[in-house]
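The structure appears right after this line, and notes come after that.
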Amino acid sequence: MIQAVKISEIKNNPNNPRIIRDDKFKKLVTSIQQFPQMLQLRPIVVNNDMVVLGGNMRLKACMEAGLKTVPIIKASDLTEEQQKEFIIKDNVGYGEWDWDELANNWDNAELNEWGLDVWQKEVEIDYSILDDIELETKMGEMTNGVRKAIQIEFEPEHYDEAVELVKFWREQGAYVGKMIIDFLNVQKGNIK
């Protein structure tokens, strides 16, 4: 049953994983100001403690719009688990999510089960600005004096032995790279 209550009686849900960015929030405030009847069609859903289960952003927008009362529906018969499920299912297809809140306070398996894809889409990054930078020169300056690595291939039957030898010589304080260079130079000299 829908009832009108003072907006001051309603409490925002502190664990609300839902957010609306500035431009979308302004549009929501304008929408409420221009069409307040929509709140009767989609009232704010609260639990018995008057904590919002559905409509945190609408409540915030109603406050911004200066409303003194809002329509609510009390979800009195929901268990705590059902309340959490409702919060997600009520918002699955709309707006943006506070991914940090979801990651830290919600179960990923349940979120997926309730229809929320918890993985964010990859953002394409435009690297074209790097074309104007002498990247190779800058990288050379940044890595000057820093040890570098190369990959050396081993047949499977020699791999474990190579790992043990490198570990042994590093524990002795040896610079394994220089040892390999010295050995390879001697071998190269034997070929000439």
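Only the coordinates and a few stated rules stand behind these numbers; no lab work does. All values derive from a computational prediction rather than experimental measurement. Note that we place each Cβ from the backbone using ideal geometry, even for glycine, and neighbour counts take in every protein chain shown.
For the chain, taking Cα atoms only, Rg and Dmax work out to 30.8, 96 Å respectively. Only lysine pairs 8 or more places apart or on separate chains count here, and in segment 2-113 those with Cα atoms under 17 Å apart total 13. Going by a ≥ b ≥ c, the root eigenvalues of the Cα gyration tensor, does segment 59-102 fall in the rounded group (a/c under 1.5), the prolate group (a/b larger than b/c) or the oblate group? Oblate, because a/c is 1.5 or more while a/b does not exceed b/c. For the chain, relative contact order (Cα pairs under 8 Å, six or more residues apart, normalised by length) works out to 21 percent. If one takes the longest principal axis of the Cα atoms in the chain, at what angle in degrees, from 0 to 90 and to the nearest 10, does the Cα axis of helix 22-34 lie? Taking the Cα atoms of the chain, the angle to 22-34 is about 10 degrees. Between 0 and 90 degrees, the angle of helix 56-65 with respect to the longest Cα principal axis of the chain falls at about 60 degrees. The order of the peptides 97-107, 57-67 by mean Cβ neighbours within 10 Å, most packed first, is 57-67, 97-107. Which of rounded, prolate, oblate describes segment 26-104, given a ≥ b ≥ c as roots of the alpha-carbon gyration tensor eigenvalues and a/c under 1.5 marking rounded, otherwise prolate only if a/b is larger than b/c? It comes out oblate by the Cα gyration axes. Given a Förster distance of 35 Å, report the FRET efficiency between Ala162 and Ile191 from their Cβ-Cβ distance, rounded to the nearest 0.05. For R0 = 35 Å, the calculated efficiency reads 0.95. Every helix of 4 or more DSSP H residues in the chain counts as -39500 (n - 2.57), and over all residues that averages to -14000 deg cm²/dmol at 222 nm.
Straight-line reach from Lys178: taking Cα to Cα under 18 Å and skipping same-chain neighbours fewer than 8 places apart, the aspartates and glutamates in range are Glu153, Glu164. Bridges between two residues of the chain, per DSSP, are antiparallel at a rate of about 70%. Charging the Cβ of each Asp and Glu at -1 and of each Lys and Arg at +1, and nothing else, the dipole of segment 2-113 about its Cα centre rounds to 780 debye.
Here the peptides 71-82, 171-182, 37-48 are ranked by packing, the mean other Cβ count within 10 Å, and the order with the highest first is 37-48, 71-82, 171-182. With K and R counted +1 and D and E -1, the other residues having a Cβ less than 13 Å from that of Ile73 yield a net charge of +1. P(r) tail, segment 132-191: Cα-Cα pairs separated by more than 20 Å, 49% of all pairs.
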